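Structure, as structure tokens:
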Amino acid sequence: MRISELIERLGRTVFEAPFGAMSQAIGDSPEVAEIRIAVLDEVKKKIQRAGGKALFPYNIVRIVICTSAPDAAVFERDFFRRFFEEEVRRSLARDTCRFPDDLRVEVRVASDESGGTDESGNHDNWLRIETLAVELQPVPSEASSARRTARLIVIAGTPNKTEIQLQKSRTNIGRLVDVYKSAGLSRRNDLAFAEDNPINRTVSREHAHILHDKKTGEYRLFNDRWYTRGDKSENNCGLWIVRDGMGQEVHRDTRGTKLLPGDEIHLGKAVLKFQIK
């Protein structure tokens, strides 16, 4: 496969397509499918058995693409990393295989020093997959964690508070302060967009929540919106983050999405900024 041809073919998709459409376009590429198959095959080879259960003990899967193409850095964009990471996690979950919570995929471009090509000019060894077990960083002490306070700052929308510190283990976000169902009070939102205006109307009654893990110091964002399969809203999860200029949808699942300082949280047209000081 000519790396330069792949870059030319995917370049326009990566740089111009809306983030919601890029996954479909890139996932349909036969060249990316070739990388995906190689990654998943290598992951399956490294699955171990422990106590009669499947276990993938590595927390780093590294994709190394060997090429001297000048535009090859496109592969190191965060979108490709997220695409392959989601594929690895899905594959392991389908195989009911346990894996580290901090499992991460890295995509790196290495200079092609071999210069080896076949008669068609295709590279023989252009792809390498590595798996590593990297020691976790020490968990911060309670004293150091106490000095770092996370907060949400309202950028767009008019909720009951313009800023909120995330001091609880769970912080709820939605349209109303108190959400009632037939049995009575169902939920109380800490940040509520109750005022009637065009931006606030895009926020659901039970839109999202943030969980704080005191042991790891992580803050994870979860989607609480409900939709029925086949409904239009299934294709519009209504919750995403923008990080380093790239959007990332947050769908309903049990793992949530880890928040990083500077992330923008979009709830419909309402926008929050996540900060840690």
Q: Using a 1.4 Å probe and ignoring any ligands, DNA or RNA, find the accessible area of Ile276 and quote it in Å² to the nearest 10.
A: 40 Å²
Q) Roughly how much of Leu127 is accessible, in Å² to the nearest 10, using a 1.4 Å probe? A) 40 Å²
Q. Among the lysines, which fall within straight-line cross-link reach of Lys161, defined as a Cα-Cα distance under 22 Å, with same-chain neighbours fewer than 8 residues apart omitted?
A. Lys269, Lys273, Lys277
Q: Note down the accessible area of Tyr58, probe 1.4 Å, to the nearest 10 Å².
A: 50 Å²
Q | Percentage relative contact order, segment 148-277, counting C-alpha pairs under 8 Å, at least six apart | A | 27 percent
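Greater than 24 Å separation of Cα atoms is the criterion. Which listed pairs, Lys53/Lys215; Lys45/Lys215; Lys214/Lys258, meet it? Could you put the intermediate results ahead of the total?
On the way: Lys53/Lys215 27 Å; Lys45/Lys215 32 Å; Lys214/Lys258 14 Å.
Violating the 24 Å Cα-Cα cut-off are Lys53/Lys215; Lys45/Lys215.
The values are calculated or read from the model by the stated rules, or taken from the named source; none is laboratory data. Predicted model only: the values in this text are computed from it and were never measured. Calculation scope for accessible area: heavy atoms of the full protein, side chains included, ligands and nucleic acids excluded. Shrake-Rupley method; radii C 1.70, N 1.55, O 1.52, S 1.80 Å.
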